[in-house]
1. Condition test on residue 286, is it surrounded by 12 or more Cβ atoms within 10 Å (Cβ to Cβ), farther than 30 Å from residue 364 by Cβ and at pLDDT below 90?
2. What pairs can you find where one residue is in region 309-337 and surrounded by 11 or more Cβ atoms within 10 Å (Cβ to Cβ), the other is assigned to a loop (DSSP other than H, G, I, E, B) and at pLDDT 90 or above, and their Cβ atoms are less than 7 Å apart, with a gap of 6+ or different chains?
3. Output the residue which, of all residues in region 84-112 that are at pLDDT 95 or above and in a loop (DSSP other than H, G, I, E, B), is farthest from the chain's Cα centre (by Cα).
4. Residues that are over 28 Å from residue 217 (Cα atoms): find the helices (runs of 4 or more DSSP H) completely inside region 262-344 holding 1 or more of those.
5. Among 271, 261, which is the only one that is at pLDDT 95 or above, touching a strand residue (DSSP E or B) at 6+ places or on another chain (Cβ under 8 Å) and under 26 Å from residue 118 (Cα atoms)?
6. For region 289-308, enumerate the residues that are surrounded by 15 or more Cβ atoms within 10 Å (Cβ to Cβ) and under 27 Å from residue 210 (Cβ atoms).
7. Need pairs with beta-carbon distance below 8 Å; first residue without any contact (Cβ under 8 Å) to a residue 12 or more places away in the chain and within region 164-181, second surrounded by 15 or more Cβ atoms within 10 Å (Cβ to Cβ) and part of a loop (DSSP other than H, G, I, E, B); sequence gap 6+ or separate chains.
């Protein structure tokens, strides 16, 4: 064959084997059309942004079905964030018409069919955030592209009401609260009804979220309103205990104390964990010098410890504090003092609550499986010329960059070890979404992740260097026991 004929044949072959696309998709509200992104030979991604899953909500009302639209909706731009205050609380932005979702659908040679579905709930203390996340040079944090493409799953990210509009409650039927949770549930139900049109399996939906989003995931699995809609759940370093505006027991969506609702999640696979220094960010807000070169006094650390104890007896608290400081010696270094403050804050705010949830799930589960993890990869903000101390481990939100594949989309900001870790985590997460077992699926993993049971309480330490020696059990069990069992039963001092 002549060279030009050969090139023509190759061109015709490539043209006839171009990656697939959904084109226009029919949903219950009307037709939608997204953007098709080529990922290389025979691979592409359909991206749909800003699809309404409910009507503009009334103030302090549950979400209502969207009335629909007549023309084809061009789903090519993210919708506005839900109304919220700026980080410094000096201004507001966003809007009330914010109940929209985004969808990423991977394809090969043919249009995808019956893929697992992963629905993302963002964090931000139920006060700030958005379904797309922060943006840097058009690289949105919560873009589902890397998860979808690498794990061959559909990713959905959801907007929900925040702050006063989402979670203000009077504690009675006049203003029950939890409007943001109702928004999330409306999105879950919409996905269940419509995702088949996008090539997804409505009977294989996994919720995942971080911080307030991680707490949301757990509450969605416990609510009776999601019975039969959710197959699996991933809760990343959930935070709820110390928030001003947050979900409440309303007698409806959360009908009673969540610890009594785990029977609703008995058939849901549950994977949850924390970062090794999840509370570093929060401890630095209480003791500013934690993240600075200046010294921190032992009295400041003791005061923070007592503030977590909510007025319990002094002698018992001193005994508990002695357990945390047993390794100090007579003259502890500043590093030791600061690390201890971050450790007990992480135990109280993150580790103890999630270990309790894991134990409750494992004890109540029928077909549902339970998995636990600890992310220990050191913060990328440590080292010469960087803002954090050398001892800072995985800080709050450090997991997000790895889950969403940022070492691949921003290669100059990361090294090969970070890309390895991101690939491992995406493999574990998407295997779990596909089969309920992080070890089994279409992606290879570097080590076997054992199930968590109430007896051995095994967990996997997620780290770029992980191997079989990174499997542990009963994570900081003595300290967890203090916060979950000992402290609540300590007598309070008499009031005069």
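1. Here the answer is no, as residue 286 does not meet what is asked.
2. What qualifies is 334/295; 334/296; 336/328; 337/296.
3. Checking each candidate, the answer is 97.
4. 298-309, 314-324
5. 271
6. If the condition is that a residue be surrounded by 15 or more Cβ atoms within 10 Å (Cβ to Cβ) and under 27 Å from residue 210 (Cβ atoms), then 290, 291, 304, 305, 308 are the ones that fit.
7. Close Cβ pairs satisfying both conditions: 170/176; 170/177.
Yes or no, residue by residue, for (1) surrounded by fewer than 20 Cβ atoms within 10 Å (Cβ to Cβ); (2) in contact with a helix residue (DSSP H, G or I) (Cβ under 7 Å, 6 or more places away or on another chain); (3) not in a strand (DSSP E or B):
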position: 360; (1), (2), (3): no, yes, yes
position: 373; (1), (2), (3): no, no, no
position: 402; (1), (2), (3): no, yes, yes
position: 446; (1), (2), (3): yes, yes, yes
position: 465; (1), (2), (3): yes, no, yes
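The values are calculated or read from the model by the stated rules, or taken from the named source; none is laboratory data. Keep in mind that this is a model prediction, so the values were computed, not measured. All Cβ positions, glycine included, derive from the backbone under ideal geometry; neighbour counts span all protein chains shown.
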